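Shown next, in structure tokens, is the structure this report addresses.
Rule-based calculations on the coordinates, nothing more; no lab input. Computed from a predicted structure; not experimentally measured. Don't worry about glycine lacking a Cβ; one is built from the backbone with ideal geometry, like all the others, and counts go over all protein chains shown.
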Protein chains: 2
Amino acid sequence: MRMTSQREIILEELKKLKNHPTADELYLVVKKRLPRISLATVYRNLEQMSEAGIIKKLEYSGRQKRFDGATHPHNHIHCIRCGRIADVKTRPGNSVHSIIKDAAGFQVIDDQIEFTGICPDCLTTENMGNSH
Amino acid sequence: MRMTSQREIILEELKKLKNHPTADELYLVVKKRLPRISLATVYRNLEQMSEAGIIKKLEYSGRQKRFDGATHPHNHIHCIRCGRIADVKTRPGNSVHSIIKDAAGFQVIDDQIEFTGICPDCLTTENMGNSH
DNA sequence: ATAAAAATAGTAATCATTATCAAATAGGAA
DNA sequence: TTCCTATTTGATAATGATTACTATTTTTAT
């Protein structure tokens, strides 16, 4: 992964924003510093950087994906109306319901533990060397 | 919400399937019983039924939405490669990491508590009566 | 049986994202 | 420094999932 001014500035601006922007929201911000940048470049770099673990891709909002420059483990709440995402501050506790300390003013409707992984079939494919 | 044979059969077939199908996967199954059904009807009914709480819409897989006929609270794991979703059996425990009993053969990469709700702005809009 | 409201099939439109490709650039080798 | 080549970029086309539209059909209450 080479260092380009585009990638550098995309990462820099993403880290500044605390509101989990979509690719096109970030594009508008970056455009102010790099007026000739392409939306495809923003998409491409966000994808690459999230694959590299530099940033986090938030895919659970339904429509547009959102991106998070903060990579430390933390939880989110997302609005079923507008798709907006906010951080949730939690505290240790036995039940998932009890650990919310601050839901950023959201009215909490539901919670669910989301596990991510690789399914048995894809693990097999990976071992056979047919993956990506 | 009126009772139509389309809606009835969509729900029936969704409840039969345990693999969290996408709209088009379910469409193919339903088509066997109702050959003239439209894909738009499947989408429309899945949306309505999930809004009514009869079924559950799973939006966190990135690409296609998936649907779950089982509405009791339970957690899922999804494959970052193919998007497939499976149920995760959990047991009571203090930390999120410790509660996994069976991840359906998945290699677990990450977990996160996903909260759903309505954000302050949308709550205000709702109170002003401007929402749908 | 009838009428109004709601749902359907078929298809067009939309919207986010990805693919394509010629031109530009980064970064190492000479 | 200059040159080479793989990578990246910008611009735009293509894709794919979902939603919107509309004329027609169906449900259901009266």
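Observations on the structure shown:
- A:Gln64 long-range amide H proximity, modeled H, under 5 Å: none
- A:Met3 label point (Cα plus 7 Å toward Cβ) to equivalent points in the other copies: 6.9 nm, shortest first.
- Nearest-first distances (nm) between copies at A:Thr71, label 7 Å from Cα via Cβ: 4.2
- Backbone HN-Hα couplings from phi across the range B:23-30 [Karplus 6.51/-1.76/1.60, Hz, Gly and Pro as x]: 4, 6, 5, 5, 4, 5, 5, 5
- Take A:Ala104, move 7 Å from Cα toward the beta carbon, and the resulting point lies 2.8 nm from the same point in each other copy, nearest first.
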